[in-house]
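Visitor: Sharing a structure below in structure tokens format, with a few things to ask.
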């Protein structure tokens, strides 16, 4: 075998191994977006109930997920918000204090967007959640909070089929 063939073969094997790992072992992480978009109630529900991230989280996580994972995801979202120029103080406070896991339910934030809701700067938070032990996180809640004060401006819950 030539040296070039061995290198090509090694690279190909490495690439397919990495592809296999990324498709089977790596679980999705939340996404954060900063936009100038202004949503109203109908547009918000229509847009945020159809995010691909919802299905990925529903298929990948259950109520057995550890609190440490939730904390890591919140820290990640706060860091991303800071990197992208969004004031993360109200986001972090809301995620940590207002949406804590309970004995009956568990949730993970799957998508966050800083945008406007009815003209007001807001954080839009989409979370997957579930009630029972080992249940997939196939229910969703959408929260819209005032970006400066942290007040809840709108909330929506959906139990997809």
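The values are calculated or read from the model by the stated rules, or taken from the named source; none is laboratory data. Every value quoted in this text rests on a predicted model; they were computed, and no experiment measured them. For neighbour counting, all protein chains shown are included, and Cβ atoms are generated from backbone atoms with ideal geometry for every residue, glycine included.
Visitor: Between residues in segment 78-97 that are closer than 17 Å to residue 110 by Cβ and residues that are outside any helix (DSSP H, G or I) and modelled with pLDDT under 80, which pairs lie under 9 Å by C-beta distance while being six or more apart or on different chains?
Guide: Qualifying pairs under 9 Å: 80/86; 81/87.
Visitor: Within the bounds of segment 125-136, is there any residue that is out of contact with any helix residue (DSSP H, G or I) (no Cβ under 8 Å at 6 or more places or on another chain), surrounded by 15 or more Cβ atoms within 10 Å (Cβ to Cβ) and in a loop (DSSP other than H, G, I, E, B)?
Guide: Scanning segment 125-136, I find at least one residue that is out of contact with any helix residue (DSSP H, G or I) (no Cβ under 8 Å at 6 or more places or on another chain), surrounded by 15 or more Cβ atoms within 10 Å (Cβ to Cβ) and in a loop (DSSP other than H, G, I, E, B), so the answer is yes.
Visitor: Take the residues in segment 137-161 that are in contact (Cβ under 8 Å) with a residue 60 or more places away in the chain and in a strand (DSSP E or B), then tell me which one is nearest to residue 63 (Cα to Cα).
Guide: 140
Visitor: Do any residues in segment 26-44 that are under 17 Å from residue 79 (Cβ atoms) have Cβ atoms under 7 Å from those of residues that are assigned to a loop (DSSP other than H, G, I, E, B), where the two are at least six apart or on different chains, and which pairs are they?
Guide: 32/84; 34/84; 34/85; 34/86
Visitor: Now a separate question. Checking residue 142 against (1) touching a helix residue (DSSP H, G or I) at 6+ places or on another chain (Cβ under 6 Å); (2) more than 20 Å from residue 44 (Cα to Cα), only one condition comes out false. Which one?
Guide: Looking at each condition in turn, residue 142 falls short on (2).
Visitor: Among the listed residues 84, 50, 33, which satisfies the condition of being surrounded by fewer than 18 Cβ atoms within 10 Å (Cβ to Cβ), within 15 Å of the chain's Cα centre (by Cα) and within 20 Å of residue 149 (Cα to Cα)?
Guide: 33
Visitor: Further question: Among the residues of segment 104-119, are any surrounded by fewer than 16 Cβ atoms within 10 Å (Cβ to Cβ) and assigned to a strand (DSSP E or B)?
Guide: Within segment 104-119, none of the residues are surrounded by fewer than 16 Cβ atoms within 10 Å (Cβ to Cβ) and assigned to a strand (DSSP E or B).
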